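Colleague: Mind having a look at this structure? Questions to follow.
The values are calculated or read from the model by the stated rules, or taken from the named source; none is laboratory data. Just so you know, these numbers come straight off a predicted model, no measurement behind them. Backbone-built Cβ (ideal geometry, glycine too); neighbour counts: all protein chains shown. Note: accessible area is taken over every heavy atom of the protein model, side chains too, but ligands, DNA and RNA are not part of it. Shrake-Rupley method; radii C 1.70, N 1.55, O 1.52, S 1.80 Å.
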Amino acid sequence: QEEGDQLHQQALSVLKNLKDVRQVNQQAFEQYSERADQFAQEVQELKKAHRGLLLTRTELIYRQHILQLKAFERNNEKDPLGVEKSLKQWRKELGQIEQETRALPHLWQQFKGDLNTRIERLEKVQREKSGFTPAESKSLQEVKRMHQTLQSAIMQGDLKQLNRWNQLFTQKLQELETRY
């Protein structure tokens with residue numbers, strides 16, 4: 001009977017813990033839902049302040065994350081511990097999206113201004129000097145293509161494309177600049 005009482009107490013303790021986790025998750029859902037509304041408003045303000053930023057891809061990704069949150073909320077009753085773990089990863093991803101989205105206006109200005117000027121300067125050097133090798137000319141064309149791709153990614157808020165190509169673009173541009 002003593003073992004039975006111990007098992008009963010353990011079961012009650014586990015049930016209480018699961019109930020507590022469900023409740024903490026429910027509070028998180030409310031907090032994240034409010035945060036999502038605030039960020040949606042922030043995206044609208046970014047679009048108004050920077051007319052070139054359409055942010056359609058960012059809005060799509062964000063809506064997908066909100067749908068995930070609703071799915072977690074439905075699963076909270078059945079699997080609160082799994083939901084708790086998923087919420088941590090979800091929050092991390094969402095924070096990354098928000099941070100990168102807030103950086104887009106700065107990147108937009110950088111690509112429309114400084115980087116555009118640097119590419120134009122290289123084009124001028126290429127026109128004035130016939131010293132560009134075919135490989136360097138090809139590299140300049142590649143840089144120009146990547147520049148356009150990245151501008152489009154920034155405009156759409158396509159953070160995946162932006163992260164994928166930005167480092168390569170910077171590297172190739174700097175390689176050309178060091179030669180001239």
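Colleague: Can you find even one residue in the range 126-143 that is in a helix (DSSP H, G or I), at pLDDT 95 or above and within 27 Å of the chain's Cα centre (by Cα)?
Modeller: Yes.
Colleague: Name the single residue, out of those in the range 55-69 being open to solvent by less than 50 Å² (accessible area, probe 1.4 Å) and of a type in the set (A, V, I, L, M), that is farthest from the chain's Cα centre (by Cα).
Modeller: L69
Colleague: Let me ask something additional. Tell me, yes or no, whether the range 40-54 has at least one residue that is surrounded by 13 or more Cβ atoms within 10 Å (Cβ to Cβ) and among the polar types (S, T, N, Q).
Modeller: no
Colleague: Any residue in the range 9-25 that is within 15 Å of E73 (Cα to Cα) sitting within a Cβ distance under 9 Å of a residue that is part of a helix (DSSP H, G or I) and of a type in the set (A, V, I, L, M, F, W, C)? List the pairs, counting only those 6 or more apart or interchain.
Modeller: L18/L81; V21/L81; V21/V83; R22/V83; N25/F72; N25/V83; N25/L87
Colleague: Specify which of the listed residues (Q96, Q148) is under 30 Å from L46 (Cβ atoms), out of contact with any helix residue (DSSP H, G or I) (no Cβ under 7 Å at 6 or more places or on another chain) and at pLDDT below 95.
Modeller: Unique residue meeting the criteria: Q96.
Colleague: How do the pairs read when you match residues in the range 158-180 that are more than 13 Å from L140 (Cα to Cα) and open to solvent by less than 60 Å² (accessible area, probe 1.4 Å) with residues anywhere that are charged (D, E, K, R) and in a helix (DSSP H, G or I), using Cβ under 6 Å and keeping only pairs 6 or more apart or on different chains?
Modeller: D158/R57; L159/E100
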